[in-house]
Amino acid sequence: MATLYHSADELNARIAELAAEGAMVSRVDAGRWDDTSYLSSLAGALNFPSYFGNNLDALVDCLRDVPPGVLAIYQFESFAATAPSSARVLVEILDEATQLTVFLQSDDPTLTL
């Protein structure tokens, strides 16, 4: 299950701890994501293969092949405001189809998962 941080500093401290223990860390900024751009942004951050289909089925398939590590998504509140349905679906997919430890950061203290 994704963990929500309202403080970027606290999230960065946690990531530093995990990286010091050898965890592979991928960071991505969701501040400008919309219904279509988030897929290509995630594909780049997670080094998906060039044949990634840029759709939800392809996302699920490629996430299954991502090795264990940490995915930190910053400014998630912006994506949730711009594309609430896509944001909800993404959280569900990340919770179910990945070996990643997922951290979501939001500057909005009222955002919940």
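The values are calculated or read from the model by the stated rules, or taken from the named source; none is laboratory data. On a predicted model such as this, the values are computed, not experimentally measured, just so you know. Methodologically, a virtual Cβ is constructed for each residue, glycine included, from the backbone with ideal geometry; neighbour enumeration extends over all protein chains shown.
Summary table
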| read-out | value |
| --- | --- |
| One residue from SER26, SER41 being touching a residue at least 24 places away in the same chain (Cβ under 8 Å), surrounded by 16 or more Cβ atoms within 10 Å (Cβ to Cβ) and either on the phi < 0 side of the Ramachandran plot or out of contact with any Ser or Thr (no Cβ under 8 Å at 6 or more places or on another chain) (or both) | SER26 |
| Segment 60-85, residues that are acidic (Asp, Glu) and within 16 Å of VAL102 (Cα to Cα) | ASP65, GLU77 |
| Out of ASP9, ASP35, sole residue that is surrounded by fewer than 12 Cβ atoms within 10 Å (Cβ to Cβ) and of a type in the set (Asp, Glu) | ASP9 |
| Residue match in segment 74-91 (condition: part of a strand (DSSP E or B), surrounded by fewer than 18 Cβ atoms within 10 Å (Cβ to Cβ) and on the phi < 0 side of the Ramachandran plot) | no |
| Scan of segment 46-82 for residues that are free of Cβ contacts under 8 Å to residues at least 24 places away in the same chain and either aromatic (Phe, Trp, Tyr) or in contact with a Lys or Arg (Cβ under 7 Å, 6 or more places away or on another chain) (or both), ordered by number | PHE48, TYR51, PHE52 |
| Count - residues of segment 22-41 that are among the aliphatic types (A, V, I, L, M) and in a loop (DSSP other than H, G, I, E, B) | 3 |
| Filter result (out of contact with any Phe, Trp or Tyr (no Cβ under 9 Å at 6 or more places or on another chain) and among the hydroxyl-bearing types (Ser, Thr, Tyr)) within segment 75-102 | SER85, THR98, THR101 |
| Filter result for GLY44 (modelled with pLDDT of 95 or more and in a loop (DSSP other than H, G, I, E, B)) | no |
| Options ARG14, ARG88; residue that is in contact (Cβ under 8 Å) with a residue 24 or more places away in the chain and either hydroxyl-bearing (Ser, Thr, Tyr) or out of contact with any helix residue (DSSP H, G or I) (no Cβ under 7 Å at 6 or more places or on another chain) (or both) | ARG14 |
